[in-house]
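Notes for the one structure printed next.
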Amino acid sequence: MGLFQATGNAKDSVFAPLLPEKFAVQHKEDHIQAWVDTAPTVLNDGQPMLSLGRELVTTHNAYIDNLYIDGNGVLVAAEMKRGRTPRDVLAQISEYAAYIDKLSWADVEAFCQKRNGKPLDKAYSAIFGRPVTRTPNPEHRLMIVAEDFRPEIVETAAYHIARGMPLALLQFTYYALNGQSVLDMQTVMGEIPEQQAPSTVIPVIKTAVTSVPARPLSDDGYSNWVLSGLEGYLTSLAQRNGWDLTTRLNKQTYLFNLTSWGVPLANCQLRVDTYISTALALRLAFRTSALPELRDHLERHRADWQGKFAAEFEKPAYDTPYTTLTLKLPRPTMGEQAGLHEIEARLGDMATVLLPILSQFFASRTTQAGAA
């Protein structure tokens, strides 16, 4: 599929393909840095963020192209490339991560004051209607944004993401349309977390950038086949069990939880991941700082779930804000229905055994909060 431009009147419109242009022909790299500095929603699946600055110098004199704080209070560092990613881009983003991991809230406050001319809570509240929630140390996630990705970059990024690195690859396509610049922004790999909606109306920022909603599924036929099949199976299972699910379908991930828990998907989610080249992964992932007691709850109930969902807690090589319970399964050959049905059965086991245990946890939290 692609984008099409309509010409003529409403009755006799003619649609022609809207052809992309090379961004580098008319723009420098700092142009896109400036665009996404004033319109962070372009990078964040339409969700707002607060800019903390551009070209921020690190301890070793590297420069972080763009730094934000999102609606979950998580720092977001983005590396922008106007063309194809160079081979050293993952080394760059890893250096950024090492620097950001050592930042304190006082550092974040200083960035915000310099960029926005006001204290962090005041600037944050102007967008989200509430002060930022401060974890003991600021958490972070990473983005690489480019027009094209080398295959080796995608493969290496998949390796790091599978081991807990909070990284997303975003690919943009540039169009010039009637004097306006249009960016079609797609998530190639990784995840853009869902965040709590702002409680105030966000001011409209005039910008020449338009974010075209990403397609819900990957152009990869394998991911389409697996995830669409599992989505249909889980929908049917939810109807039979009376589950009111909150779901989200990304390019290589299908996420869900129960609406009754009252927590966003970003904080607690059951999920299926297809981006690992050698396996499919069924996971329970939750934000450790938001739900610090949940792992102990799951350990106390291990005898209730491990017989049907033989997963283990991951020990990622990279510092991650999430605790993850993972079961990796062989990837069925595309079109092999028996293999897909086996994955469906394992997904059903995961949902059937974990959802009640998790519901009990969230119910007890509500009871404790009421008693307090």
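Placing +1 at every Lys and Arg Cβ and -1 at every Asp and Glu Cβ, with all other atoms neutral, what dipole size does segment 296-335 have around its Cα centre, in debye to the nearest 20?
Computed about the Cα centre, the dipole is about 240 debye.
Using a basic spin-label model with each label point 7 Å from the Cα along Cα→Cβ, how many nm lie between Arg295 and Asp121?
The answer from the label model is 3.0 nm.
Over 31 Å between Cα atoms: which of Lys118/Lys251; Lys81/Lys102; Lys81/Lys251; Lys251/Lys315; Lys251/Lys308 fall into that group?
Violating the 31 Å Cα-Cα cut-off are Lys118/Lys251.
7 Å from Cα along Cα→Cβ at both Thr352 and Tyr222: what's the point-to-point distance in nm?
If labels sit at Thr352 and Tyr222, their model points lie 2.9 nm apart.
Considering only protein heavy atoms, what per residue accessible area in square angstrom results for segment 226-338 with a 1.4 angstrom probe? If you can, show how the numbers build up before the last one.
Values: 5040 Å² over 113 residues.
Result: 45 Å² per residue.
Give the residue list of GluC sites (Glu not before Pro) in segment 281-372 that are DSSP loop and have at most 14 other beta-carbon atoms within 10 angstrom. Intermediate results must be reported in sequence, preceding the final value.
Values: sites: Glu293, Glu299, Glu312, Glu314, Glu336, Glu342, Glu344; in loops: Glu293, Glu314, Glu336.
The qualifying sites are Glu293, Glu336.
Restrict the search to segment 29-90; then list the trypsin sites (Lys or Arg not before Pro) that DSSP places in a loop and that have at most 15 other Cβ atoms within 10 Å of their Cβ.
Details: sites: Arg54, Lys81, Arg82, Arg84, Arg87; in loops: Lys81, Arg82, Arg87.
Taking segment 29-90 and a limit of 15 other Cβ atoms within 10 Å, the loop trypsin sites (Lys or Arg not before Pro) found are Arg87.
Out of residues 5 or more away from Met49 or on other chains, whose amide H comes under 5 Å of its own, with H placed 1.01 Å from N in the peptide plane?
Thr41
Can you send over the carbon and sulfur percentage of the accessible area for segment 54-96, probe radius 1.4 Å, protein chains only? Working shown, then result.
Working: 730 of 1650 Å².
The value for segment 54-96 is 45 percent carbon and sulfur by accessible area.
If we count every other residue with Cβ under 13 angstrom of Ala266's Cβ, Lys/Arg +1 and Asp/Glu -1, where does the sum land? Present the calculation step by step, with values, prior to reporting the outcome.
Numbers: positive: Arg141, Arg248, Arg271, Arg287; negative: Asp45, Asp70, Glu139, Glu191, Glu194.
Net charge in that neighbourhood comes out at -1.
Using the Cα centre as the reference, give the magnitude of the dipole from point charges on the C-beta atoms of segment 211-310 (Lys, Arg: +1; Asp, Glu: -1; all else neutral), rounded to the nearest 20 debye. Present the calculation step by step, with values, prior to reporting the outcome.
Values: 11 positive and 9 negative charges, 10 e Å.
I would put it at about 40 debye.
Only Lys, Arg, Asp and Glu count, each charged at its Cβ (+1, +1, -1, -1), so figure out the dipole size of segment 230-372 about its Cα centre, rounded to 20 debye. Numbers along the way, then the final one.
On the way: 15 positive and 14 negative charges, 28 e Å.
Charge dipole, segment 230-372, about its Cα centre: 140 debye, nearest 20.
The values are calculated or read from the model by the stated rules, or taken from the named source; none is laboratory data. What you are looking at is a predicted structure, and each value in this text was computed from that prediction instead of being measured. As a convention, Cβ positions derive from the backbone with ideal geometry for all residues, glycine included, and neighbour counts pool all protein chains shown. Calculation scope for accessible area: heavy atoms of the full protein, side chains included, ligands and nucleic acids excluded. Shrake-Rupley method; radii C 1.70, N 1.55, O 1.52, S 1.80 Å.
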